[in-house]
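Here it is, the structure, as structure tokens.
The values are calculated or read from the model by the stated rules, or taken from the named source; none is laboratory data. Because the structure is predicted, anything quoted here is derived from the model rather than measured. Glycine gets a Cβ as well: all are built from the backbone with ideal geometry, and neighbour counts include every protein chain shown. What goes into the accessible areas is simple: the full protein's heavy atoms, side chains included, and nothing from ligands, DNA or RNA. Shrake-Rupley method; radii C 1.70, N 1.55, O 1.52, S 1.80 Å.
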Amino acid sequence: MAKLIDGKAISAQIRAEIKDKTEEFYSKNGFAPGLAVIIVGENPASQVYVRNKKRGCEEVGFHSEVYEMPEATTQAELNALVDKLNADEAIHGILVQLPLPKHLDETEVLLRIDPSKDVDAFHPYNVGKIMIGDYDFLPCTPAGVMALLERTGIDPAGKKCVVIGRSNIVGKPMAMLLLHANGTVTVCHSRTKDLAAVAREADILVVAIGRADFVGADMVKEGAVVIDVGMNRRADGKLTGDVDFAAVEPIASYITPVPGGVGPMTITMLLQNTLTAAEKKAVK
Ligand code: NAP
């Protein structure tokens, strides 16, 4: 039976460390790290994420600002807000909650954020730095996975790592971070042939597809570490991952539950990035 990787507990531990470092930072510099979150429109899921980000900031002692803009916001208005926050000394991290309403250009907005305040690490400058392995900010979800592995004592070095999913937000940066940690990495996607056979080779299997219970026992090697990034809503409203937990738990050595695995880590890593951004500004 696999051991559970408790993302809630590990996240709480890291947040407590960030809180301590924030106190230290404040007493040294006289100001707190500041995060600004912009949300446009009324997507209910986005509203929950933004509320949780604000709560996370309060928990660790950050200054936080939430900008709730109406659905009818124009590109020029959104750009102007980003410009204002880029110039604001009290703000060290800027996050634009995605998705934006269809009439707005996400790429244009993300490119406009000062890369030194890009705590989501979505700006091509930061994406490039991640590729090189010389990064300031790690993309939050893959960074959360790496922190879970590290704090569980699982070292990817020399291990066969298989990532299922190649999105810019999760799969691709995940593969890069595992590679930087000296894993031997294979990235799979919807066109991968005989996916189950490739997945079965993994010592560490990271799944980020967005399909409930997609990974079953036939896709997991005995003793593998299984990390489930998926967050899917069942018809009854319950949250479930991309891995069939009941089928895979008896085979894996470690497994993340959903909820309570990768999910709680993402905002924690955002807080970590904001602290890093503030620390970089403070030493300038
Ligand atoms: P995405 O942009 O939709 O990408 C999904 C990826 O999965 C694509 O690369 C796609 O392949 C691949 N895929 C889809 N069906 C497949 C199949 N049958 N076989 C193999 N590969 C398949 O999704 P995402 O943004 O990466 O998110 C993935 C999941 O993680 C979602 O459930 C999302 O809710 C969750 N998520 C969780 C967190 C968190 O904080 N825990 C954060 C972000 C995302 P192609 O490229 O070939 O289309």
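Around PRO250, what is the net charge, scoring Lys/Arg as +1 and Asp/Glu as -1 over all other residues with Cβ under 14 Å from its Cβ?
Taking every other residue near PRO250 into account, the sum is -2.
Sticking with this one: Only helical DSSP H runs with n ≥ 4 go in: add -39500 (n - 2.57) per run for the chain, normalise by residue count and round the 222 nm mean residue ellipticity to 500 deg cm²/dmol.
For the chain, the value works out to -13500 deg cm²/dmol.
Tell me the per residue accessible area of the chain using a 1.4 Å probe; a whole number in Å² is fine.
Roughly 48 Å² per residue, with all protein chains present.
Considering only protein heavy atoms, what is the solvent-accessible area of PHE214 at a probe of 1.4 Å, reported in Å² to the nearest 10?
Here the residue's solvent-accessible area equals roughly 80 Å².
Set the Förster radius R0 to 45 Å, insert the Cβ-Cβ distance between ALA90 and ARG233 as r into 1/(1 + (r/R0)^6), and round the FRET efficiency to 0.05.
Taking R0 as 45 Å, the efficiency between ALA90 and ARG233 is 0.75.
For the chain, build the charge dipole from Cβ charges (+1 Lys, Arg; -1 Asp, Glu) around the Cα centre, then report which of PHE122, VAL215, VAL60 sits farthest towards its positive end.
VAL215
Can you list the HN-Hα couplings for segment 81-91, worked out from phi with the Karplus curve (6.51, -1.76, 1.60; θ = phi - 60°), rounded to whole Hz and with x for Gly and Pro?
Once rounded to whole Hz, the list reads 5, 4, 4, 5, 6, 4, 8, 7, 5, 7, 10.
Quick one: which residues, 5+ away or cross-chain, put their amide H under 5 Å from the amide H of VAL185? H built at 1.01 Å from N.
Under 5 Å from the amide H of VAL185: CYS161.
Amide H neighbours of VAL96 under 5 Å, at least 5 residues apart or on other chains, H built in the peptide plane: list them.
Under 5 Å from the amide H of VAL96: ILE38.
Can you give me the Cα centroid spacing of segment 50-67 and segment 152-176 in angstrom?
For segment 50-67 versus segment 152-176, the Cα centre distance is 29 Å.
So, one more: Is the C-alpha gyration tensor of segment 208-284 telling us rounded, prolate or oblate? Criteria: a/c under 1.5 is rounded; beyond that, a/b larger than b/c is prolate, otherwise oblate.
Since a/c reaches 1.5 and a/b is larger than b/c, the shape of segment 208-284 is classed as prolate.
Excluding ligands and nucleic acids, what accessible area in Å² is computed for ARG151 using a 1.4 Å probe, to the nearest 10?
Rounded to the nearest 10, that gives 100 Å².
Kindly sort TYR26, TYR49 by accessible area of their heavy atoms, largest first, with the probe set to 1.4 Å.
TYR26, TYR49
If you don't mind, there's one more thing I want to ask. For the chain, just list the percent of Cα-Cα distances falling in each 10 Å bin from zero outward, please.
Bin by bin from 0 Å, the calculated values are 7, 28, 34, 23, 8, 1.
So for segment 1-85, if I pair up every lysine 8 or more residues apart or on another chain, how many of those pairs have alpha-carbons under 23 Å apart?
11
Continuing with this model, one more query. Report for the chain the percent antiparallel among DSSP-assigned beta bridges with both residues inside it, nearest 5.
The antiparallel fraction comes to roughly 5 percent.
Turning to a different aspect of this structure: Cα centroids of segment 250-284 and segment 177-222: how far apart, whole angstrom?
For segment 250-284 versus segment 177-222, the Cα centre distance is 21 Å.
Follow-up question, since we're still on this one. Taking amide H positions as placed in the peptide plane 1.01 Å from N, state which residues far from ILE209 in sequence (5 or more) or on other chains have amide H under 5 Å from it.
GLY230
How large is the dipole of segment 206-261 about the Cα centre if only Lys and Arg carry +1 and Asp and Glu carry -1, each at its Cβ, rounded to the nearest 20 debye?
My answer is approximately 200 debye.
What dipole magnitude, in Debye to the nearest 20, does the chain give about its Cα centre under +1 on Lys/Arg Cβ and -1 on Asp/Glu Cβ?
So the magnitude is around 360 debye.
In whole percent, how big is the carbon plus sulfur part of the accessible area of segment 1-145, probe 1.4 Å, protein atoms only?
54
How much length is gained on full extension from ALA157 to LYS21, taking 0.36 nm per residue of separation minus their Cα-Cα distance?
Roughly 46.0 nm would be gained on extension.
In the full protein assembly as shown, how much of ARG51 is accessible to a 1.4 Å probe, in Å² to the nearest 10?
Surface accessible to solvent at ARG51 totals approximately 130 Å².
Could I ask something else about it? Considering only VAL258, LEU270, VAL243, whose Cα is most displaced toward the positive end of the charge dipole of segment 235-284, charges sitting on Cβ of Lys, Arg (+1) and Asp, Glu (-1)?
Of the candidates, LEU270 comes out farthest on the positive side.
Remind me, relative contact order of the chain in percent, using alpha carbon pairs under 8 angstrom and six or more residues apart?
22
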